[in-house]
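The values are calculated or read from the model by the stated rules, or taken from the named source; none is laboratory data. Quick caveat: nothing in here was measured; it's all calculated off a predicted structure. Cβ placement follows ideal geometry from the backbone for every residue including glycine, while neighbour counts extend to all protein chains displayed. Please note that ligands, DNA and RNA were not included when accessible areas were found on the heavy atoms of the full protein model with its side chains. Shrake-Rupley method; radii C 1.70, N 1.55, O 1.52, S 1.80 Å.
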Amino acid sequence: MAKKGRGIFLVYTDLDPKHEDEFNAWYNTEHLPELLSLPGFLDAARYVAYKGTPKYLAVYELENTEALKTAEFQKWRANPSPWSRRISPTVIGKNLSRTIGQQIFPAAPETPDRGMAPALQIGRMSVPESADQEWNEWYNGEYIPGYRQVPGVIYARRYRVIEGESGYTTVYEFDNETVSETDAWHQQRQGSSPRSDRMRGVMTHLQGSPGVYRRIYPR
């Protein structure tokens with residue numbers, strides 16, 4: 001059964017610590033299972049920040065972004081449970097943001113039966129329109145392929161953001177949360193491409209990006 005498709009839905013949340021225990025219980029036992037029961041939702045997991053912000057991240061793997069437009073999703077969204085009305089991120093979240101992305105690299109899903117990674121590094125970035133074409137050519141052809149060969153990197157994907165605060169998001173799947181601290185990762189960063197310094201200079205990251213996240217549910 002496919003667990004990866006062409007779409008991704010990322011929900012970032014910060015909240016007052018006094019709500020955390022109930023928030024985590026609600027998310028794990030009600031909210032996430034409800035979403036996974038809807039058409040087009042293939043897999044999901046929750047993460048906590050090891051580096052970067054916001055603190056909590058929920059990742060939903062989608063068949064495609066149309067999963068968020070189905071009648072079933074709209075009906076679910078319009079009829080929240082009493083627990084959801086009290087504890088959902090939209091109610092108690094101090095910093096809530098959503099990213100809906102359509103995969104642009106690789107061109108099609110690969111090894112779609114793999115599960116949710118133990119750790120993720122996620123970049124949320126934008127580039128000016130004048131640099132967009134060259135930047136994407138560099139990112140897809142020269143920059144990200146080398147990182148996919150670094151020990152501890154399970155996979156890496158890029159998305160064009162169709163709803164969110166940035167133009168693009170990059171999702172690296174890691175064996176553990178320290179992969180981007182290794183010598184191999186730093187060597188790749190330094191030697192990725194002659195254009196890398198210039199291309200990094202044209203992009204801007206959102207505050208807290210790139211963030212590294214450790215999976216907390218399912219364990």
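Observations, loosely collected:
- Applying the Kirkwood pairwise sum to the alpha-carbon positions of the stretch 169-219 produces a hydrodynamic radius of 13.1 angstrom.
- Farthest toward positive dipole pole in the stretch 66-203 [+1 Lys/Arg, -1 Asp/Glu at C-beta], among Ile100, Val153, Tyr172: Ile100
- Residue-normalised accessible area of the chain, expressed per residue, 1.4 Å probe, Å²: 47
- Of all the options Ser84, Ser166, Ser130, the one that moves most in a Gaussian network model of the chain with Cα springs shorter than 10 angstrom is Ser130.
- Of Lys4/Lys69; Lys55/Lys94; Lys55/Lys75; Lys18/Lys94; Lys51/Lys94, those spanning more than 20 Å from alpha-carbon to alpha-carbon: Lys55/Lys75
- Figure legend: label point modelled 7 angstrom from the Cα of Ala107 along Cα→Cβ; no residues of the stretch 1-17 have amide N under 13 Å from it.
- Point-to-point label distance, Gln207-Arg86, nm (Cα→Cβ direction, 7 Å offset): 3.1
- Rotationally averaged projected area of the stretch 1-135 (alpha carbon convex hull; nm²): 9.6
- Over the stretch 84-214, the hull volume per residue, using the convex hull of the C-alpha atoms, is 131 Å³.
- Whole-Å distance, taken between Cα centres, linking the stretch 160-195 and the stretch 11-33: 27
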